[in-house]
Amino acid sequence: GAVDLELTYGTGENLNPATKPDEKFEYFDGKTRKTKYDYSDDKNDYWQLEKQYVYEKDGVTETLCARTDLEYNLDYPILVHKKTTYQDLSDLDNSKVETIYVYGDKDGVPSEYGNSGKYLVRQKVLTDQSEDPDEYVETTYKYYEPLNMGGSTQHGGPVLIGRFGSGFGLIKEKIDPEGNRTLYKYDDYGYKTFEKIGPDGSEDPVKRFYHNVIGQLELEADYSGRVTRNYYDDFGRIGIVEVYEDPRAMKLPDNAFVPSTYVDTNTDIKLLSRIRYGYDAVGNRTFQQQEVLAGSPGAEPVLTTRDSIALEYNSGNLLKKVTYESSGDFDDSFVEYSYDSRGNKGTELIHDGITDREWWTLFWYDDMERQFYETSLDYDFSVKRAKVNHYYDTGQKKFEDLHGEHAIIEKLIDYEYDILGRMTKLTVDKGGEGYLNLVTQYSYDDAGNLDHIIDPCENYIYFDYDNANRNTTEYFATDSVTQPTRKKQINYNGNNDITAVTSYDYDGTTALAHKTFDYDNRRRLEKVEEFLEDPEGENPDKAVTTFDYEDPDEAGEEYKITINHPVGTEKTEILSNVLGKVSKVTYPSGKFQDMQYNGDGSLMRKRVFNPVGYDWIDFTYDNYGRLKEVTYPDLPTPGKVTYEYDGFGRRTKVTDNRITDDNIGGSSQIKYDYDVLGRVVKVTDQYDYELYYTYRADGQKEDIAVYKPGQQDPIYWVVYDYDYALRLNAVYEPRLGTDDLIAQLEYDNNGNRDKISYSKDGTAESTVDIDYTYNPDNFLTSFSTTGGRTFTFNATGTSPPDIDGLGRLVDAQEVLTKTDNTTVTYNLDYTYDMRSQLTEADITKDGSPWWDADYTYYKNGNLKDRTTDIPKTEFDYTGEIMNGTKAEGGESFTLTWDKHGNIDTTTLNNGLNFTYNWDDKLRKVEEQDETFVMSVRYDPDGNRIFKKNISEERKYIVDIAGDLPVILMELNNSGGIVKTYIYANSQIIAQHTGDHTANRYFYLHDRLGSVRQVIDTSGN
């Protein structure tokens, strides 16, 4: 690929200087891009560019694609005074995108026309050209008095010597378009010492700096109390970086905010971490090691040294090797690189010092040094994954192919671009293996904003922008003929912060949701108003949430955010430490979460409640900062979970030493193995059941197999097939034999599920099909079945729409077949408020009222009452916690909650008591007289792996490698298979009542994914 460039001189209508080209022609990929330049006449010998035009040239036809107009400062001609581009070149007067730079004196006073003077005093950005006059937002600046170097320092900063020999003062004040003022302070050498925000005389310090005499930044602090200290070597390279906690930092006098204050021996502050760096003779970084303030159970945190990282370079100063040095009993792990003669990385060898395995990634380049091939080799040197890229002459990607194991192609993507290099088309499987030809097209205005998208179903999705190129309107998808309808309106303030968002129904005028946002002078969210009624109505009701902020300034304090909820005095308080980690949350009910962190931000302790008070869960880490052990406050012996890793941080073993009620049982160990791409390929559970996985190139599972200890054949085996857009299109169960099809899936061009076909006999010839339809906005509007019993859903009405503009179901009809082969028809009618809370549900069954309920809510979102065919039920709360119902009428129940916010007891179901483990997972349920109901156990990741009730026990085989953990099999206490489950994209679609030889049933889901029917292999 190549771009040919041609420049022409002295051919324009206005003769440009001899050294300035009139036109530039670029020839690439069969296209010609022409750029035309117009320069000013000879002013101060600068010959400034005043106009630039970009054309697409096709033979003698030229199409103007972009235009830029420029004006300059009269005194300093290199400074731009005005820059204008256009969103619509056919309407220059109404589509300007313009920034005006106004110049004047140091005190912020503009010159007469704003185009002369040495200081930028205003920056004006056009936001609305429909106003008269045009509406601009403005940022203003003031400066300190310029001084000669070595002269007086009364203003806190020295001179900056300009080209013309006169001094420029440093910036003193900036006032943004919303009137927020930032004040800047400097030391005697002109290095910044402070940034403060706020009105004159009451500024909040938000950043603080200390530089040494040669300008090296030695200290930097922020409003949270985080202070970073840098140490430099004799060559000016950073050798040590330390992070301290010092809430007083912003209030210290200047003579105290100095490097000598921030040393680890100063007991008034806390050293959180230290990183040391080493370098070779030419300045390459060769060494890195971290020390972290870290805790351990029952002990105060101490500064702990982590293992080091060593870096080596070749003679060309290219990184040759990275070694992760191990202080344990294993060899070091490392990554080693080699390069071709042009310095492009050719190979990457990864050696795991713990497992003693190695694997390679190889790279190839074209003559333009663009990477066109990358392949990852498995442990046995077979191809695990390959990526192939080809490029246009301009260097932009033309297509990319993704290959899976053994270099089998799995996905193809093609790209096209316009003359300005903007992507105009993305095609998946363009005439490829599956002939899907999924095309998404992009079109832009003349300023480069995305004007509309044509999705693969040929729906048009439009966007509008203001003169500042901010997206102001989004439209519902439409066809190529119909005028688009407004979907969302977005408003901004002068700082480009969103101030209001309104969502509309399909008529484009009915507001379904409206929120407004206010910000404080530090641009933090200050108030949110959620409208509960039409915002265009008179005095519409609102739910108002406000936010308060408090900077720490004393030892022991932390940055605090207070959320004042819309109801009474309810509030939530959030504390965060200097690393930005949330350390405590106190809820309106008074319940709270409390956490402590190590110096690198990893969780050190989490406070938990026990019957005699509060205690802690402790988290400890290995020498590379990976979670090593979790210690629970059980008595008399603490429960523990320990973790082991390979040389690159992939978890290889978990050992569960929790108490009996929580322990996973068996060997108490779960083991993991990985492929070269870091994907789990084997899990061995605590009972030695083995789960094996293979994957497609993009990481989606290709098959899952489960083996029982001592058996050669899998007790579970499911295979997934995908199309050339890598969408799941078939599910198989090979243990069934030749006829092993479970289901096939089809999609529309936008990727929505178009059909699922359940195979009744393992073939594609005898199926129960569900067909789906969607509106242009990809909301499901109907489905229906063929080949089985009736199961339909219809919400296709458009006047008014059955699916509203927010995708909420308003009206629909469902028809289902009952087990006696008769059908039942439900008509659904729902109403929502402007916060999408359900306010009315009216459901009829076979034409007769079945469920009719009205709901009202408190402004904090809690359900206030529910009215059905029995008297109104009102609900009682303490903050966010529901206590149950109020005494008068309706239903009656009470709830109590533990200190963690889990339901402790309920009077429902004749009264139940709940017990939880330390991780807030349900452990046990008992009746009020302590009669056992059920108990549950979980693996250390929180997946349910065991359940016991009064009549049976169940052990669960869990797939942990999917989008969501799902149960593959249920086993009884003797290891017998009770249930086998089969999934499509984590959605259950089939089950056996036993192993693969047992009866098979299919699950049919409604629009929400809820199972509404179960059918057998006869379709009944």
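The values are calculated or read from the model by the stated rules, or taken from the named source; none is laboratory data. Bear in mind the structure is a predicted one, so any value in this text is a computation, not a measurement. As a convention, Cβ positions derive from the backbone with ideal geometry for all residues, glycine included, and neighbour counts pool all protein chains shown.
Take the residues in the stretch 908-963 that are without any contact (Cβ under 8 Å) to a residue 12 or more places away in the chain and out of contact with any Lys or Arg (no Cβ under 9 Å at 6 or more places or on another chain); name whichever of them is surrounded by the fewest Cβ atoms within 10 Å (Cβ to Cβ). Step through it out loud before you land on a result.
If we filter the stretch 908-963 for residues that are without any contact (Cβ under 8 Å) to a residue 12 or more places away in the chain, which is where we start, we get 909, 915, 929, 931, 951.
If we keep only those that are out of contact with any Lys or Arg (no Cβ under 9 Å at 6 or more places or on another chain) as well, we get 909, 929, 931, 951.
Working: N909: 10, D929: 8, T931: 9, S951: 5.
If we take residues in the stretch 908-963 being without any contact (Cβ under 8 Å) to a residue 12 or more places away in the chain and out of contact with any Lys or Arg (no Cβ under 9 Å at 6 or more places or on another chain), then S951 is surrounded by the fewest Cβ atoms within 10 Å (Cβ to Cβ).
Got a number for residues in the stretch 445-475 being over 22 Å from T516 (Cα atoms), within 26 Å of the chain's Cα centre (by Cα) and not acidic (D, E)?
Looking only at the stretch 445-475, we keep the residues that are over 22 Å from T516 (Cα atoms), and these are 445-462.
If we keep only those that are within 26 Å of the chain's Cα centre (by Cα) too, we end up with 448-456, 461-462.
Narrowing further to those that are not acidic (D, E): 448-450, 452-454, 456, 461-462.
Looking only at that region, the number is 9.
Determine which member of the set R229, R248 is in contact with a helix residue (DSSP H, G or I) (Cβ under 7 Å, 6 or more places away or on another chain) and either farther than 30 Å from R285 by Cα or crowded, with 16+ Cβ neighbours inside 10 Å (or both).
Answer to the check: R229.
Give me the residue from the stretch 45-69 that is closer than 14 Å to T35 by Cβ and hydrophobic (A, V, I, L, M, F, W, C) and, out of that set, surrounded by the fewest Cβ atoms within 10 Å (Cβ to Cβ).
Residue satisfying both the conditions and the ranking: L64.
Residues in the stretch 375-385: is at least one part of a loop (DSSP other than H, G, I, E, B) and more than 30 Å from R727 (Cα to Cα)?
No, every residue in the stretch 375-385 fails to be part of a loop (DSSP other than H, G, I, E, B) and more than 30 Å from R727 (Cα to Cα).
One residue is enough: does the stretch 832-853 have a residue meeting the conditions basic (K, R) and without any contact (Cβ under 8 Å) to a residue 60 or more places away in the chain?
As a first pass, look at the stretch 832-853 and keep what is basic (K, R): 835, 845.
Those still in the list that are without any contact (Cβ under 8 Å) to a residue 60 or more places away in the chain too: 845.
The answer is yes; a qualifying residue exists.
Residue check, G448 against (1) in contact with a Leu (Cβ under 8 Å, 6 or more places away or on another chain); (2) assigned to a strand (DSSP E or B), all met but one. Which one?
(2)
Identify the single condition in (1) touching a residue at least 12 places away in the same chain (Cβ under 8 Å); (2) of a type in the set (G, A, S); (3) over 18 Å from Q216 (Cβ atoms) that G236 does not satisfy, given that it satisfies every other one.
(3)
Evaluate the following for L126: is it out of contact with any strand residue (DSSP E or B) (no Cβ under 6 Å at 6 or more places or on another chain) and surrounded by 15 or more Cβ atoms within 10 Å (Cβ to Cβ)?
no
Within the set of pairs 6+ apart or on separate chains, which have a first residue in the stretch 859-877 that is among the basic types (K, R) and surrounded by 14 or more Cβ atoms within 10 Å (Cβ to Cβ), a second that is modelled with pLDDT under 95 and assigned to a loop (DSSP other than H, G, I, E, B), and C-beta atoms under 7 Å apart?
K859/V567; K872/G889; K872/G890
For the structure I just gave you, tell me whether E557 is surrounded by fewer than 18 Cβ atoms within 10 Å (Cβ to Cβ), under 30 Å from T831 (Cα atoms) and touching a residue at least 60 places away in the same chain (Cβ under 8 Å).
no
Just need a number here: residues in the stretch 1001-1010 that are over 14 Å from I982 (Cα atoms) and either in contact (Cβ under 8 Å) with a residue 24 or more places away in the chain or in contact with a Leu (Cβ under 7 Å, 6 or more places away or on another chain) (or both).
2
Looking only at the stretch 21-77, which residues are over 24 Å from S95 (Cα atoms), assigned to a strand (DSSP E or B) and touching a residue at least 40 places away in the same chain (Cβ under 8 Å)?
F28, K31, listed by residue number.
Taking only pairs six or more apart or across chains, which ones have beta-carbon atoms under 7 Å, a first residue in the stretch 758-772 that is closer than 23 Å to L816 by Cα, and a second residue that is among the hydrophobic types (A, V, I, L, M, F, W, C) and surrounded by fewer than 16 Cβ atoms within 10 Å (Cβ to Cβ)?
none
Restricted to the stretch 883-899, and to residues that are of a type outside the set (D, E, K, R) and out of contact with any strand residue (DSSP E or B) (no Cβ under 6 Å at 6 or more places or on another chain), which residue is surrounded by the most Cβ atoms within 10 Å (Cβ to Cβ)? Walk me through how you get there before you give the answer.
Taking the stretch 883-899 first, the residues of a type outside the set (D, E, K, R) are 883-885, 887, 889-890, 892-897.
Then drop every residue that is not out of contact with any strand residue (DSSP E or B) (no Cβ under 6 Å at 6 or more places or on another chain), which leaves 887, 889.
On the way: A887: 9, G889: 12.
This residue is G889.
What residue, among those in the stretch 590-627 that are acidic (D, E) and touching a residue at least 24 places away in the same chain (Cβ under 8 Å), is farthest from N577 (Cα to Cα)?
Going through the qualifying residues, I end up with D618.
With respect to the numbered conditions (1) in contact with a Phe, Trp or Tyr (Cβ under 8 Å, 6 or more places away or on another chain); (2) surrounded by fewer than 17 Cβ atoms within 10 Å (Cβ to Cβ); (3) in contact (Cβ under 8 Å) with a residue 40 or more places away in the chain, which one is the sole condition not fulfilled by H351?
With respect to (1) in contact with a Phe, Trp or Tyr (Cβ under 8 Å, 6 or more places away or on another chain); (2) surrounded by fewer than 17 Cβ atoms within 10 Å (Cβ to Cβ); (3) in contact (Cβ under 8 Å) with a residue 40 or more places away in the chain, H351 is out only on (2).
Let me confirm something: among V227, V241, which residue is closer than 19 Å to A555 by Cβ, in a strand (DSSP E or B) and touching a residue at least 24 places away in the same chain (Cβ under 8 Å)? If you could, list the steps in order and put the result at the bottom.
Details: V241 fails: closer than 19 Å to A555 by Cβ.
Answer to the check: V227.
Which of the residues that make up the stretch 618-658 are closer than 18 Å to K671 by Cα and among the aliphatic types (A, V, I, L, M)? Walk me through it before giving the result.
At the first step, the residues of the stretch 618-658 found to be closer than 18 Å to K671 by Cα are 626-630, 640-658.
The answer is L627, V630, V641, V654.
Any residue in the stretch 587-606 that is touching a Phe, Trp or Tyr at 6+ places or on another chain (Cβ under 7 Å) and of a type in the set (S, T, Y)?
Yes.
Need pairs with beta-carbon distance below 9 Å; first residue touching a residue at least 40 places away in the same chain (Cβ under 8 Å) and within the stretch 78-93, second among the aliphatic types (A, V, I, L, M) and part of a loop (DSSP other than H, G, I, E, B); sequence gap 6+ or separate chains.
From residues that are touching a residue at least 40 places away in the same chain (Cβ under 8 Å), the pairs are T85/A447; Y86/A447; Q87/A447; D88/A447.
Do we have D769 as of a type in the set (D, E), under 24 Å from Y826 (Cβ atoms), at pLDDT 95 or above and surrounded by 19 or more Cβ atoms within 10 Å (Cβ to Cβ) here?
Criteria not met by D769.
So, in the stretch 799-827, how many residues would count as being assigned to a strand (DSSP E or B) and either more than 19 Å from D505 (Cα to Cα) or aromatic (F, W, Y) (or both)?
As a first pass, look at the stretch 799-827 and keep what is assigned to a strand (DSSP E or B): 801, 803, 809, 811-817, 823-827.
From what's left, either more than 19 Å from D505 (Cα to Cα) or aromatic (F, W, Y) (or both): 813-817, 823-827.
So the answer is 10.
Looking at (1) buried (at least 18 other Cβ atoms within 10 Å of the Cβ); (2) among the β-branched types (V, I, T); (3) over 25 Å from the mean Cα position of the chain (by Cα), which one does T502 not meet, given that it meets all the others?
(3)
What number of residues within the stretch 658-672 are surrounded by 16 or more Cβ atoms within 10 Å (Cβ to Cβ) and not aromatic (F, W, Y)?
So the count comes out to 7.
Are any of the residues in the stretch 317-326 farther than 25 Å from I238 by Cβ and either at pLDDT 95 or above or touching a Ser or Thr at 6+ places or on another chain (Cβ under 9 Å) (or both)?
Scanning the stretch 317-326 turns up at least one residue that is farther than 25 Å from I238 by Cβ and either at pLDDT 95 or above or touching a Ser or Thr at 6+ places or on another chain (Cβ under 9 Å) (or both).
Hey, can you tell me all the residues within the stretch 130-142 that are over 35 Å from the mean Cα position of the chain (by Cα) and of a type in the set (S, T, N, Q)?
S130
Kindly provide the set of residues from the stretch 979-1017 that are assigned to a strand (DSSP E or B), among the hydroxyl-bearing types (S, T, Y), in contact with a Ser or Thr (Cβ under 9 Å, 6 or more places away or on another chain) and closer than 19 Å to T785 by Cβ, ordered by number.
From the stretch 979-1017, those assigned to a strand (DSSP E or B) are 979-984, 987-992, 1000-1005, 1011-1016; that's our starting set.
Next cut, among the hydroxyl-bearing types (S, T, Y) only: 980-981, 983, 1001, 1003.
Now restrict to residues that are in contact with a Ser or Thr (Cβ under 9 Å, 6 or more places away or on another chain): 980, 1001.
The answer is Y1001, and nothing else.
Which of the residues that make up the stretch 197-240 are over 19 Å from S260 (Cβ atoms), hydrophobic (A, V, I, L, M, F, W, C) and within 36 Å of the chain's Cα centre (by Cα)?
Scanning the stretch 197-240 gives I197, V206.
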